[in-house]
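The structure appears below as structure tokens.
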Ligand SMILES: [Mn+2]
């Protein structure tokens, strides 16, 4: 195989010229190198943004908006913001997304469709937001592979395969919500608190409340514009700062499972069904713990293992030296340089061994091991 470095930049990855399609080498470095990663800025961003807006403006039938399974703040905020803006323009737009309890305050009663779509409505157009590799199986509530109409994909993941009718994909953007904001501006939709608040929430959550390194001047300017448009930052912060009792009960267990590896450079923790049952918690509540362990001083990488028994989901976070994305891709997943994930279809012991091997390889690659 031949590899070329396509673009210069800190987050660049090797891009394979000969990706072996249909070859499943999930647990090897080969898989990582075979995946196409393109973390560069989209040079045609403004044109593509206009094209997305043009498709939406011209469409007279139903517009269905989807995002990824286990919707996070960016997925929900982007979907709600776009659906509301389109409805203000007289469009028949529906956000199809399962609302996690901690974000329930964002959506009004009956506003979003939370059940799987059984049949595609006549003349539908779909918008897929924030789905990390534009993989139909990662799209929640619909079988996108069975859809033959136009698909507009707006996303900021380097692992996106860019196969939609219009792929507006820019991994240098901090959040999909930031890109949705550009689309709303391009559409000429009126701004209101209802449109601006979910979009600001998406930016807020994907930047770790404006704490991560992706908090650029562009992000802060966009946030300022959204507050000016009526976005309710106080409510967002107030809601996101609250945790359920079960969160704390589970936190005790999560902290008990913490391990420091590779001389303290890597921190991991694990959650399984038994821990959830004891704490009275649900899987939905687990996602936030990776940022808790990530705050351990001296670590470069954090990984939270969601142990489902037959399979394990890895949530990987980096402080900037190591690529969480490379490790996730090597484990069969995808994501960003600093935040990525993978589902390993094997019991914990094997998933752990795979992670340890890939984390070590990444530490060696950057000269830390
Ligand atoms: Mn996102």
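Since every read-out is calculated from the coordinates, none of them should be taken as a lab result. Just so you know, these numbers come straight off a predicted model, no measurement behind them. Positions of Cβ are backbone-derived with ideal geometry, glycine not excepted, and every protein chain shown enters the neighbour counts.
Couple of notes before you dig in:
- Taking 238, 51, 118, 300 and counting other C-beta atoms within 10 Å, the order from fewest to most: 118, 238, 51, 300
- Here the chain is described by how far its Cα atoms reach on the three principal axes: 57, 52, 42 Å, from widest to narrowest.
- Cα-based convex hull volume of region 45-240 per residue, rounded to whole Å³: 106
- The value obtained for region 164-295, namely the Cα convex hull volume divided by the number of residues, is 156 Å³ per residue.
- Radius, Kirkwood style, for region 275-369 when every pair of distinct Cα atoms is counted (Å): 13.5
- This ranking places 268, 327 by how few other beta-carbon atoms lie within 10 Å of each, fewest first, which gives 268, 327.
- Annotation: the antiparallel percentage among DSSP beta bridges lying fully within the chain is about 45.
- Among 68, 157, the order by Cβ neighbours within 10 angstrom, fewest to most, reads 68, 157.
- Inter-label distance for residue 243 and residue 260, nm, one decimal - labels placed 7 Å from Cα along Cα-to-Cβ: 2.1
- Cβ crowding within 10 Å averaged over residues, with 273-283, 165-175 ranked highest first: 165-175, 273-283
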